[in-house]
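Coordinate-derived values only; no laboratory data. Please read these numbers as outputs of a predicted model, since none were measured by experiment. FYI the Cβ positions are ideal-geometry reconstructions off the backbone, even for glycines, and counts take in every protein chain you see.
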Amino acid sequence: MPHTSNVVEFPTGAVMDVGGKTIPLMPDGRLHNLDDWSPDVAAAMAESMGVNLTRDHWDVINLMRSYYGEYNVSPVRKLLKRALLREGYEELARDERLDSLFPGDVLVQGSKLAGVPVPHLDAELERRTYADNRAADNPQVKQSRAAGHFVGSFEFDGERYEVTPTGNLIDLHRWNERVAMHMAQKEGIELTAEHWEILNFLRGFYFEYGISPMVKILMRHMREEIGPEKASADYLYKLFPKGPSRQGSRIAGLPEPQGCIDG
């Protein structure tokens, strides 16, 4: 059935009328409520962008929605391409094809049409300020003091290292294996070869894809690249009891994983 739509501006954004239903939008045109998404809403948004949705568009849109539904985070471009290849969409995984389908960038325009948040590399996200980390009245700092990891800053080998309230290094380039061992000891972990295999995998993932993997993504990629035994929850949580992604990324000198709920 053909859809009808009309976009009306309002002070904090806009509303779109789709088939008689009013859909609130953010000022940038994205859905205010992700639960409002439907194929008709996506088609109406595409029409307003001058995009005629084809089956290839829908394959990408549906995959982005599936990825977000499984991992609670939208895929960055490299992870989107990998997921497309995994599903057998070799042609769609080409940059040239994605750019032709979504001239406004698949991560921006595609995620908008898919009704999922725009994905960001960790480096694009605003880092917490030193003042926020040191502030005694910062609720996150207060809450983190009993967590067992460093909060605010710590001293090591005569140098001061600033960390976020979740204990992640602010200056990622200052990480090294000795710093990692010191951070791990603070959390009651003596690093073994098994720990280092996971830490190195986390760092390799970050430097390839630009994000720290949340636990489901970590387990999926480890299963594909290392094997199911070491990708199991039992194995990973035995090594990092407070979460292989959250605690592991912290000790690996990486940002806290986006959307992470593993510990």
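Within segment 190-249, the set of residues being outside any helix (DSSP H, G or I) and of a type in the set (Gly, Ala, Ser) comprises Gly210, Ser212, Gly227, Ala231, Ser232, Gly243, Ser245.
Screening Ala180, Ala233 for residues that are surrounded by fewer than 17 Cβ atoms within 10 Å (Cβ to Cβ) and among the small types (Gly, Ala, Ser) leaves exactly one candidate, Ala233. Consider segment 40-52 and keep the residues that are in contact (Cβ under 8 Å) with a residue 12 or more places away in the chain and not small (Gly, Ala, Ser). The one that is surrounded by the most Cβ atoms within 10 Å (Cβ to Cβ) is Met45. Scanning segment 167-185 for residues that are more than 10 Å from Arg250 (Cβ to Cβ), not in a loop (DSSP other than H, G, I, E, B) and not polar (S, T, N, Q) yields Leu172, His173, Arg174, Glu177, Arg178, Val179, Met181, His182.
Among the residues of segment 19-39 satisfying the criterion of being surrounded by 13 or more Cβ atoms within 10 Å (Cβ to Cβ) and of a type in the set (Gly, Ala, Ser), which is nearest to Val108 (Cα to Cα)? The extreme case among them is Gly29.
Entry remark, segment 68-100: residues being of a type outside the set (D, E, K, R), within 20 Å of Gly210 (Cβ to Cβ) and crowded, with 18+ Cβ neighbours inside 10 Å number 12 in total. May I ask you to verify whether Glu155 is among the acidic types (Asp, Glu), part of a strand (DSSP E or B), out of contact with any Cys (no Cβ under 8 Å at 6 or more places or on another chain) and free of Cβ contacts under 8 Å to residues at least 24 places away in the same chain? Judged against the criteria, Glu155 is a match.
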